[in-house]
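For reference, the structure discussed in these notes is given below.
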Amino acid sequence: MISAEDFTNGQVLLIDKPLHWSSFQAVNKMKWVLKSKLGLKKIKIGHAGTLDPLATGLLIVCTGKFTKKIPEIQGQVKEYTGTFYIGATTPSYDLETEIDARFDTDHISDELILKTTEQFTGEIDQKPPIFSAIKKDGKRLYEHARAGETVEISARKTVIHEFKITRIAMPEVDFRVVCSKGTYIRSLAYDFGLALNSGAHLTALRRTKIGDYSVVNAFEISKFEDSVVHNATSNQ
(Lines give C-alpha, C1' and ligand atoms only; values in the text may rest on other atoms or scores of the structure.)
Protein backbone atom coordinates (compact mmCIF):
# COMPACT_ATOMS: atom_id res chain seq x y z
CA MET A 1 0.00 0.00 0.00
CA ILE A 2 1.53 3.31 -1.11
CA SER A 3 1.42 6.19 1.38
CA ALA A 4 1.89 9.95 1.03
CA GLU A 5 5.42 9.49 2.35
CA ASP A 6 6.16 6.94 -0.39
CA PHE A 7 5.21 9.46 -3.10
CA THR A 8 7.41 12.09 -1.44
CA ASN A 9 10.35 9.69 -1.16
CA GLY A 10 9.91 8.77 -4.81
CA GLN A 11 7.81 6.66 -7.15
CA VAL A 12 8.03 5.78 -10.84
CA LEU A 13 4.44 5.68 -12.09
CA LEU A 14 3.38 4.19 -15.43
CA ILE A 15 0.38 5.97 -16.92
CA ASP A 16 -1.58 5.09 -20.06
CA LYS A 17 -2.15 8.62 -21.38
CA PRO A 18 -5.56 9.09 -22.97
CA LEU A 19 -6.19 10.60 -26.40
CA HIS A 20 -6.42 14.43 -26.56
CA TRP A 21 -4.67 14.92 -23.20
CA SER A 22 -1.33 16.72 -23.23
CA SER A 23 1.45 15.24 -21.10
CA PHE A 24 1.33 18.44 -19.01
CA GLN A 25 -2.40 17.93 -18.35
CA ALA A 26 -1.80 14.34 -17.26
CA VAL A 27 0.94 15.33 -14.81
CA ASN A 28 -1.15 18.23 -13.49
CA LYS A 29 -4.10 15.92 -12.88
CA MET A 30 -1.89 13.48 -10.98
CA LYS A 31 -0.38 16.31 -8.94
CA TRP A 32 -3.88 17.48 -8.03
CA VAL A 33 -4.89 13.94 -7.01
CA LEU A 34 -1.84 13.51 -4.77
CA LYS A 35 -2.27 16.91 -3.10
CA SER A 36 -6.04 16.81 -2.66
CA LYS A 37 -6.50 13.15 -1.76
CA LEU A 38 -3.37 12.60 0.34
CA GLY A 39 -3.13 16.07 1.86
CA LEU A 40 0.32 16.77 0.44
CA LYS A 41 1.12 20.48 0.43
CA LYS A 42 4.06 20.06 -1.92
CA ILE A 43 5.08 17.24 -4.23
CA LYS A 44 7.78 17.12 -6.89
CA ILE A 45 6.41 15.49 -10.02
CA GLY A 46 7.35 15.36 -13.69
CA HIS A 47 7.16 13.15 -16.77
CA ALA A 48 10.01 11.39 -18.55
CA GLY A 49 9.21 12.17 -22.19
CA THR A 50 6.37 14.08 -23.83
CA LEU A 51 3.56 12.40 -25.74
CA ASP A 52 1.57 14.51 -28.22
CA PRO A 53 -2.12 15.06 -27.38
CA LEU A 54 -3.08 12.93 -30.40
CA ALA A 55 -0.95 10.01 -29.15
CA THR A 56 -1.86 7.52 -26.44
CA GLY A 57 0.16 5.13 -24.36
CA LEU A 58 3.04 5.01 -21.95
CA LEU A 59 3.78 8.17 -20.01
CA ILE A 60 6.30 7.67 -17.20
CA VAL A 61 5.74 10.03 -14.27
CA CYS A 62 8.28 10.37 -11.45
CA THR A 63 7.56 11.82 -8.01
CA GLY A 64 9.65 13.06 -5.11
CA LYS A 65 13.31 12.14 -5.11
CA PHE A 66 12.79 9.91 -8.16
CA THR A 67 12.39 13.00 -10.37
CA LYS A 68 16.20 12.78 -10.54
CA LYS A 69 15.71 9.62 -12.64
CA ILE A 70 13.91 11.53 -15.41
CA PRO A 71 16.97 12.26 -17.63
CA GLU A 72 18.05 8.61 -17.43
CA ILE A 73 14.57 7.31 -18.36
CA GLN A 74 14.19 9.87 -21.17
CA GLY A 75 17.36 8.58 -22.79
CA GLN A 76 16.10 5.01 -23.12
CA VAL A 77 14.89 3.37 -26.33
CA LYS A 78 11.19 3.89 -27.18
CA GLU A 79 8.70 1.60 -28.95
CA TYR A 80 5.66 2.89 -30.84
CA THR A 81 2.83 1.41 -32.85
CA GLY A 82 0.53 3.36 -35.13
CA THR A 83 -0.93 4.05 -38.56
CA PHE A 84 0.22 6.01 -41.59
CA TYR A 85 -2.28 7.29 -44.15
CA ILE A 86 -0.63 6.99 -47.57
CA GLY A 87 -1.46 9.45 -50.35
CA ALA A 88 -2.00 12.71 -48.46
CA THR A 89 -0.02 15.13 -46.30
CA THR A 90 -0.91 17.64 -43.59
CA PRO A 91 1.19 20.63 -42.38
CA SER A 92 1.52 19.07 -38.91
CA TYR A 93 2.27 15.60 -40.35
CA ASP A 94 -0.68 14.25 -38.33
CA LEU A 95 -4.39 14.94 -37.74
CA GLU A 96 -3.87 18.23 -35.89
CA THR A 97 -4.22 20.03 -39.24
CA GLU A 98 -6.26 19.41 -42.38
CA ILE A 99 -4.96 17.65 -45.51
CA ASP A 100 -3.08 20.14 -47.70
CA ALA A 101 -2.08 17.91 -50.63
CA ARG A 102 -3.04 14.57 -52.18
CA PHE A 103 -0.78 12.24 -54.16
CA ASP A 104 -1.03 9.27 -56.50
CA THR A 105 -0.73 5.83 -54.90
CA ASP A 106 -1.38 3.59 -57.91
CA HIS A 107 2.32 2.72 -58.16
CA ILE A 108 2.58 1.63 -54.52
CA SER A 109 2.64 -2.13 -53.94
CA ASP A 110 2.93 -4.08 -50.72
CA GLU A 111 6.47 -5.01 -51.78
CA LEU A 112 7.44 -1.34 -52.24
CA ILE A 113 6.10 -0.44 -48.81
CA LEU A 114 8.04 -3.25 -47.14
CA LYS A 115 11.21 -2.45 -49.10
CA THR A 116 11.03 1.26 -48.27
CA THR A 117 11.28 0.60 -44.54
CA GLU A 118 14.91 -0.40 -45.13
CA GLN A 119 15.75 3.24 -45.94
CA PHE A 120 14.75 4.21 -42.40
CA THR A 121 16.64 1.60 -40.38
CA GLY A 122 19.81 2.58 -38.54
CA GLU A 123 21.07 6.14 -38.09
CA ILE A 124 19.06 8.62 -40.17
CA ASP A 125 18.81 12.39 -40.58
CA GLN A 126 15.40 13.70 -39.59
CA LYS A 127 13.88 17.16 -39.50
CA PRO A 128 11.43 17.77 -36.62
CA PRO A 129 7.89 18.79 -37.65
CA ILE A 130 7.19 22.52 -37.84
CA PHE A 131 4.33 21.79 -35.43
CA SER A 132 6.59 20.77 -32.53
CA ALA A 133 7.66 22.23 -29.19
CA ILE A 134 11.32 22.73 -30.15
CA LYS A 135 12.43 26.34 -29.66
CA LYS A 136 13.76 28.47 -32.51
CA ASP A 137 14.57 32.16 -32.05
CA GLY A 138 12.99 32.10 -28.59
CA LYS A 139 9.65 30.69 -29.76
CA ARG A 140 8.25 27.17 -30.06
CA LEU A 141 8.18 25.90 -33.65
CA TYR A 142 4.40 25.45 -33.48
CA GLU A 143 4.08 29.14 -32.55
CA HIS A 144 5.99 30.09 -35.71
CA ALA A 145 3.80 27.68 -37.71
CA ARG A 146 0.51 29.03 -36.37
CA ALA A 147 1.69 32.58 -37.09
CA GLY A 148 2.36 31.56 -40.71
CA GLU A 149 6.09 32.19 -40.36
CA THR A 150 8.64 30.25 -42.41
CA VAL A 151 11.42 28.78 -40.28
CA GLU A 152 14.53 26.89 -41.35
CA ILE A 153 14.69 23.63 -39.39
CA SER A 154 17.96 21.73 -39.11
CA ALA A 155 18.04 17.95 -39.50
CA ARG A 156 19.02 15.86 -36.49
CA LYS A 157 20.60 12.44 -36.18
CA THR A 158 18.30 9.76 -34.81
CA VAL A 159 18.39 5.96 -34.73
CA ILE A 160 15.65 3.59 -35.86
CA HIS A 161 16.45 0.19 -34.36
CA GLU A 162 13.41 -1.59 -35.85
CA PHE A 163 10.79 -0.53 -38.38
CA LYS A 164 8.21 -3.21 -39.12
CA ILE A 165 5.02 -2.98 -41.18
CA THR A 166 2.30 -4.96 -39.38
CA ARG A 167 -0.71 -4.35 -41.66
CA ILE A 168 -1.25 -3.00 -45.16
CA ALA A 169 -4.80 -1.95 -46.06
CA MET A 170 -4.26 0.97 -48.41
CA PRO A 171 -4.41 3.82 -47.83
CA GLU A 172 -3.66 2.73 -44.25
CA VAL A 173 -0.40 1.13 -43.18
CA ASP A 174 0.18 -0.03 -39.59
CA PHE A 175 3.69 -0.12 -38.15
CA ARG A 176 5.86 -0.83 -35.14
CA VAL A 177 8.98 1.29 -34.55
CA VAL A 178 11.75 0.97 -31.98
CA CYS A 179 13.82 4.15 -31.91
CA SER A 180 16.17 6.41 -29.99
CA LYS A 181 15.32 9.48 -27.95
CA GLY A 182 14.37 12.48 -30.07
CA THR A 183 12.75 10.55 -32.94
CA TYR A 184 9.59 12.13 -34.35
CA ILE A 185 7.20 9.49 -35.68
CA ARG A 186 5.25 12.24 -37.46
CA SER A 187 8.40 13.15 -39.39
CA LEU A 188 8.95 9.46 -40.13
CA ALA A 189 5.43 9.33 -41.61
CA TYR A 190 6.12 12.37 -43.82
CA ASP A 191 9.54 11.11 -44.96
CA PHE A 192 8.15 7.63 -45.60
CA GLY A 193 5.53 9.13 -47.92
CA LEU A 194 8.24 11.03 -49.82
CA ALA A 195 10.30 7.85 -50.17
CA LEU A 196 7.26 6.18 -51.76
CA ASN A 197 7.11 9.03 -54.31
CA SER A 198 3.81 9.99 -52.71
CA GLY A 199 2.81 11.55 -49.41
CA ALA A 200 1.80 10.33 -45.96
CA HIS A 201 0.74 11.51 -42.54
CA LEU A 202 0.26 9.95 -39.12
CA THR A 203 -3.31 9.08 -38.12
CA ALA A 204 -2.72 7.04 -34.94
CA LEU A 205 0.18 6.66 -32.50
CA ARG A 206 0.67 4.70 -29.30
CA ARG A 207 3.83 4.50 -27.21
CA THR A 208 4.13 0.96 -25.95
CA LYS A 209 7.55 0.87 -24.27
CA ILE A 210 10.33 3.02 -22.82
CA GLY A 211 13.33 0.85 -22.05
CA ASP A 212 12.06 -2.05 -19.94
CA TYR A 213 8.88 -0.18 -18.94
CA SER A 214 5.76 -1.35 -20.80
CA VAL A 215 2.30 0.14 -21.24
CA VAL A 216 0.95 -3.31 -20.32
CA ASN A 217 1.77 -2.39 -16.71
CA ALA A 218 0.42 1.17 -16.91
CA PHE A 219 -2.60 2.68 -15.11
CA GLU A 220 -5.31 4.74 -16.70
CA ILE A 221 -5.42 8.12 -14.93
CA SER A 222 -8.89 7.40 -13.50
CA LYS A 223 -7.61 4.11 -12.05
CA PHE A 224 -4.61 5.91 -10.57
CA GLU A 225 -6.99 8.33 -8.83
CA ASP A 226 -9.13 5.44 -7.57
CA SER A 227 -6.08 3.66 -6.13
CA VAL A 228 -4.86 6.81 -4.36
CA VAL A 229 -8.32 7.43 -2.89
CA HIS A 230 -8.52 3.78 -1.79
CA ASN A 231 -5.09 3.96 -0.13
CA ALA A 232 -5.96 7.25 1.57
CA THR A 233 -9.19 5.76 2.95
CA SER A 234 -7.45 2.57 4.12
CA ASN A 235 -4.78 4.58 5.96
CA GLN A 236 -7.30 6.61 7.96
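The values are calculated or read from the model by the stated rules, or taken from the named source; none is laboratory data. All figures in this text were calculated on a predicted structure; none of them were measured in a lab. Cβ atoms come from the backbone with ideal geometry, glycine included; neighbour counts cover every protein chain shown. Calculation scope for accessible area: heavy atoms of the full protein, side chains included, ligands and nucleic acids excluded. Shrake-Rupley method; radii C 1.70, N 1.55, O 1.52, S 1.80 Å.
Structure above, values below:
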{"quantity": "Longest DSSP-loop-exposure-free segment, GluC sites (Glu not before Pro), the chain, at most 16 other Cβ within 10 Å", "calculated": "1-97"}
{"quantity": "Cα-based helix-to-principal-axis angle, 23-38 vs the chain, degrees rounded to 10", "calculated": "10 degrees"}
{"quantity": "Residue of Phe103, Phe84, Phe120 that the Gaussian network model of the chain assigns the largest fluctuation, springs spanning Cα pairs under 10 Å", "calculated": "Phe103"}
{"quantity": "Cα gyration tensor, the chain - rounded (a/c under 1.5), prolate or oblate", "calculated": "prolate"}
{"quantity": "Most mobile of Ser187, Ser198, Ser36 in a GNM of the chain (Cα contacts under 10 Å)", "calculated": "Ser36"}
{"quantity": "Heavy-atom accessible surface of the stretch 156-232: percent carbon and sulfur, 1.4 Å", "calculated": "49 percent"}
{"quantity": "Helix-only CD estimate at 222 nm, as mean residue ellipticity for the chain, using -39500 (n - 2.57) per DSSP H run (n ≥ 4)", "calculated": "-8000 deg cm²/dmol"}
{"quantity": "Chain lengthening between Asp212 and Lys157 when straightened (0.36 nm per residue, less Cα-Cα)", "calculated": "17.5 nm"}
{"quantity": "Sulfur and carbon atoms: percent of accessible area, the stretch 1-46 [1.4 Å]", "calculated": "54 percent"}
{"quantity": "Å² of accessible area per residue within the chain, as computed with a 1.4 Å probe and no ligands counted", "calculated": "52 Å²"}
{"quantity": "Net dipole in debye of the chain [+1 Lys, Arg Cβ; -1 Asp, Glu Cβ; about Cα centre; nearest 20]", "calculated": "1360 debye"}
{"quantity": "Paramagnetic reach from Phe24 in the stretch 63-89 [backbone N under 17 Å; point 7 Å along Cα→Cβ]", "calculated": "none"}
{"quantity": "Simple label model, 7 Å out from Cα along Cβ direction - His107 to Asn197, nm", "calculated": "0.2 nm"}
{"quantity": "Entries in Lys65/Lys164; Lys31/Lys157; Lys68/Lys115; Lys181/Lys223; Lys17/Lys68 that, when Cα-Cα distance is taken, lie over 32 Å", "calculated": "Lys65/Lys164; Lys31/Lys157; Lys68/Lys115"}
